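Enquirer: Sending over a structure as structure tokens; questions will come in a sec.
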Amino acid sequence: MSNKEIILKELKKGKSFLCLGIFLIVISFIMFIGFYFEGQEKLNNLYDLKDVRVSDVYAKIDAQVMTDYFATNDYNGIEHKTYFIWDEENIYIVDLNEKTRVALEPIYNYSYSNDENIEKPNSILIKGMTKKIPEDLKKIAIDSLNTFIGREVVNSTNFNQTFGIVYLDTFVTPIIAIRSDMLFCLPILIIGLFLVGFYFNKRRKTKKCIHQLGSVWEEVQREIENDDTIYYKSFKLYFTRNYIVCTLNGLEVYPYKEIIWLYSSTHTTTNFSTLKSIFIKTKDKKTHKLLSLYIVRKSKNMFDEIYDAILKHTPNALEGYTSENKEKVQEM
């Protein structure tokens with residue numbers, strides 16, 4: 001395959017990125033919609049906590065009596081306070097968010113009142129998602145309830161009969177519960193949008209370059225066919241007699257005579273690898289990055305070879321990033 005055929009083929013590449021990008025965008029929307037309706041379905045199916053034996057179920061309690069919190073825990077920087085709450089028949093373990101705790105204030109005041117004539121408030125419905133009771137919380141709950149009652153009423157043997165195997169977390173709703181799943185869709189969507197954007201940006205860049213070159217594009221293609229053209233496949237970079245041609249991110253063509261400044265930069269990354277880049281500035285005072293690569297022995301030789309090739313074809317260009325060259329470029 002000739003250099004011209006190679007470059008034309010490279011310029012046409014990218015539809016795979018477009019197809020993959022569209023596929024990922026569609027998949028992310030399907031997943032998002034699926035998770036959303038899953039949450040809505042859970043919202044529409046509210047169960048009594050006494051009937052629930054598994055985690056991740058939207059459940060409710062008609063709260064009638066409660067204690068003060070007996071345990072605290074930190075979940076992602078948010079303090080969770082854990083309470084005992086009774087309905088008409090059973091006792092439950094519940095994590096109360098602040099809004100629900102405030103709503104239960106009449107129940108709390110009634111539960112701790114010494115006034116024999118205090119009127120019993122109406123039960124208050126609280127909702128949340130079920131979670132399996134962890135072992136450390138079981139131990140705390142056993143000690144706390146026995147202390148609260150003043151005698152042993154619960155132990156490891158009858159724990160499940162007393163509390164069940166799940167507790168209610170009012171910090172979580174079905175929508176919040178699937179939020180992490182929805183967030184999982186976000187990287188997929190971003191990658192899809194990036195790939196689609198990359199395809200159209202590459203296509204736009206190529207069309208713009210060919211339009212600006214006009215009839216010169218034919219000359220560039222003829223030079224690419226010459227035997228003395230040097231091609232660096234890994235970087236999609238061509239050196240012809242009069243032009244640098246790059247097709248890595250769309251078509252870029254730089255006449256040697258337009259290059260007024262050439263320099264490289266070195267950046268050490270967090271894992272102590274070295275990233276080196278080659279920059280050129282053209283007469284229109286625009287700076288262009290030709291390539292970047294992480295340096296190992298083999299790639300260093302390649303980097304130096306490419307840099308020297310540019311330098312060889314641009315004998316009148318300033319070389320190296322210095323304050324003096326920076327000032328000279330401004331005066332050109």
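The values are calculated or read from the model by the stated rules, or taken from the named source; none is laboratory data. Predicted, not measured: the structure shown is a model, and the values here were computed from it. For neighbour counting, all protein chains shown are included, and Cβ atoms are generated from backbone atoms with ideal geometry for every residue, glycine included.
Enquirer: Can you go through Ile260, Ile295 and tell me which one is among the aliphatic types (A, V, I, L, M), on the phi < 0 side of the Ramachandran plot and modelled with pLDDT of 90 or more? First the steps, then the outcome.
Expert: Working: Ile295 fails: modelled with pLDDT of 90 or more.
Sole residue among the options that is among the aliphatic types (A, V, I, L, M), on the phi < 0 side of the Ramachandran plot and modelled with pLDDT of 90 or more: Ile260.
Enquirer: On the basis of being out of contact with any strand residue (DSSP E or B) (no Cβ under 7 Å at 6 or more places or on another chain) and closer than 30 Å to Tyr75 by Cβ, does Ser215 make the cut? Before you say what the answer is, go through the steps one by one.
Expert: Working: out of contact with any strand residue (DSSP E or B) (no Cβ under 7 Å at 6 or more places or on another chain): yes; closer than 30 Å to Tyr75 by Cβ: no.
Against the criterion (out of contact with any strand residue (DSSP E or B) (no Cβ under 7 Å at 6 or more places or on another chain) and closer than 30 Å to Tyr75 by Cβ), Ser215 does not qualify.
Enquirer: Within segment 124-147, which residues are more than 43 Å from the chain's Cα centre (by Cα) and either surrounded by 13 or more Cβ atoms within 10 Å (Cβ to Cβ) or at pLDDT 95 or above (or both)? Reasoning before the result, please.
Expert: Within segment 124-147, the first condition is being more than 43 Å from the chain's Cα centre (by Cα), and the residues that meet it are 145-147.
Correct list: Leu145, Asn146.
Enquirer: From the list Tyr232, Tyr243, exactly one residue is farther than 30 Å from Phe35 by Cβ, surrounded by 14 or more Cβ atoms within 10 Å (Cβ to Cβ) and in contact with a helix residue (DSSP H, G or I) (Cβ under 6 Å, 6 or more places away or on another chain). Which is it?
Expert: Result: Tyr243 is the single residue among Tyr232, Tyr243 that is farther than 30 Å from Phe35 by Cβ, surrounded by 14 or more Cβ atoms within 10 Å (Cβ to Cβ) and in contact with a helix residue (DSSP H, G or I) (Cβ under 6 Å, 6 or more places away or on another chain).
Enquirer: Next up: Restricting to segment 9-30, and then to whatever is exposed (fewer than 14 other Cβ atoms within 10 Å of the Cβ) and of a type in the set (A, V, I, L, M), can you tell me which residue is modelled with the highest pLDDT?
Expert: First, pick out the residues of segment 9-30 that are exposed (fewer than 14 other Cβ atoms within 10 Å of the Cβ): 9, 12-13, 15-16, 19, 23, 26, 30.
This time we only want the ones that are of a type in the set (A, V, I, L, M), so: 26, 30.
Values: Val26: 94, Ile30: 91.
The selected residue is Val26.
Enquirer: Then there is this: Evaluate segment 33-56: report whether one residue or more is touching a helix residue (DSSP H, G or I) at 6+ places or on another chain (Cβ under 9 Å) and modelled with pLDDT of 90 or more.
Expert: no
Enquirer: Determine which single condition Tyr254 fails, assuming it passes every other condition in (1) more than 22 Å from the chain's Cα centre (by Cα); (2) outside any strand (DSSP E or B).
Expert: Of the numbered conditions (1) more than 22 Å from the chain's Cα centre (by Cα); (2) outside any strand (DSSP E or B), the odd one out for Tyr254 is (2).
Enquirer: Do we find a residue being polar (S, T, N, Q) and part of a helix (DSSP H, G or I) anywhere in segment 188-201?
Expert: First, the residues of segment 188-201 that are polar (S, T, N, Q): 201.
In the following step, the residues that additionally are part of a helix (DSSP H, G or I) were identified as 201.
Yes, there is a match, as at least one residue in segment 188-201 is polar (S, T, N, Q) and part of a helix (DSSP H, G or I).
Here is a yes/no grid of residues against (1) over 19 Å from Lys138 (Cα atoms); (2) hydroxyl-bearing (Ser, Thr, Tyr); (3) outside any loop (DSSP other than H, G, I, E, B):
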{"residue": "Ser55", "(1), (2), (3)": "no, yes, no"}
{"residue": "Asp62", "(1), (2), (3)": "yes, no, yes"}
{"residue": "Tyr69", "(1), (2), (3)": "no, yes, no"}
{"residue": "Thr72", "(1), (2), (3)": "no, yes, yes"}
{"residue": "His80", "(1), (2), (3)": "no, no, yes"}
{"residue": "Tyr83", "(1), (2), (3)": "no, yes, yes"}
{"residue": "Glu89", "(1), (2), (3)": "yes, no, no"}
{"residue": "Asp95", "(1), (2), (3)": "no, no, yes"}
{"residue": "Thr100", "(1), (2), (3)": "yes, yes, yes"}
